[in-house]
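The values are calculated or read from the model by the stated rules, or taken from the named source; none is laboratory data. Just so it is clear, the structure is predicted and the values come from calculations on it, not from any experiment. Note that we place each Cβ from the backbone using ideal geometry, even for glycine, and neighbour counts take in every protein chain shown. When the accessible area is computed, the model is the full protein with side chains, heavy atoms only, and any ligands, DNA or RNA have been set aside. Shrake-Rupley method; radii C 1.70, N 1.55, O 1.52, S 1.80 Å.
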Amino acid sequence: MKTYQHISQKEAYEYMHSGEPYILVDVRTPDEFNGGHIPGAINIPNETILLFPPKQLPDKSATILVYCQSGRRSADASQKLADMGYTDIREFGGIMTWVYETE
């Protein structure tokens, strides 16, 4: 019942530099996030995405780019968000294979 898109990291990077609006979501733990993340990301740990839409994501039609460490949690979080009615979720795997800048 996948209702989100899996895109390549190159596609994600290009979208981030396209000038189009998006929200970049890192679904790792706060400790992992604080250890380094993609610039502009907000941290919404996968385990906190439960029954209700995250307050940091009020617009269910916004373009949301999702990543984690390796890709498992980002896929899980993307499916949960899709199930909540978000309509433009683009999951691109894990930061461990991200070749672009981090902070």
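Below, the figures for the structure above:
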| item | result |
| --- | --- |
| Only one of E47, E91, E101, E32 that is touching a residue at least 40 places away in the same chain (Cβ under 8 Å) and more than 10 Å from the chain's Cα centre (by Cα) | E101 |
| Residue list for region 50-78, filter: open to solvent by 40 Å² or more (accessible area, probe 1.4 Å) and more than 18 Å from E32 (Cβ to Cβ) | L50, L51, F52, P53, K55, P58, D59, K60, S61 |
| Lone unmet requirement of (1) in contact with a strand residue (DSSP E or B) (Cβ under 7 Å, 6 or more places away or on another chain); (2) more than 21 Å from M96 (Cβ to Cβ) for H17 | (1) |
| Criterion: out of contact with any helix residue (DSSP H, G or I) (no Cβ under 7 Å at 6 or more places or on another chain), of a type in the set (S, T, Y) and open to solvent by 20 Å² or more (accessible area, probe 1.4 Å) - qualifying residue of Y13, Y22, Y4 | Y13 |
| Residues satisfying the stated conditions in region 84-101, i.e. open to solvent by 80 Å² or more (accessible area, probe 1.4 Å), outside any helix (DSSP H, G or I) and either among the polar types (S, T, N, Q) or touching a helix residue (DSSP H, G or I) at 6+ places or on another chain (Cβ under 9 Å) (or both) | T87, V99 |
| Criterion violated by N34 - all others in (1) among the polar types (S, T, N, Q); (2) open to solvent by 40 Å² or more (accessible area, probe 1.4 Å); (3) closer than 22 Å to E14 by Cα satisfied | (3) |
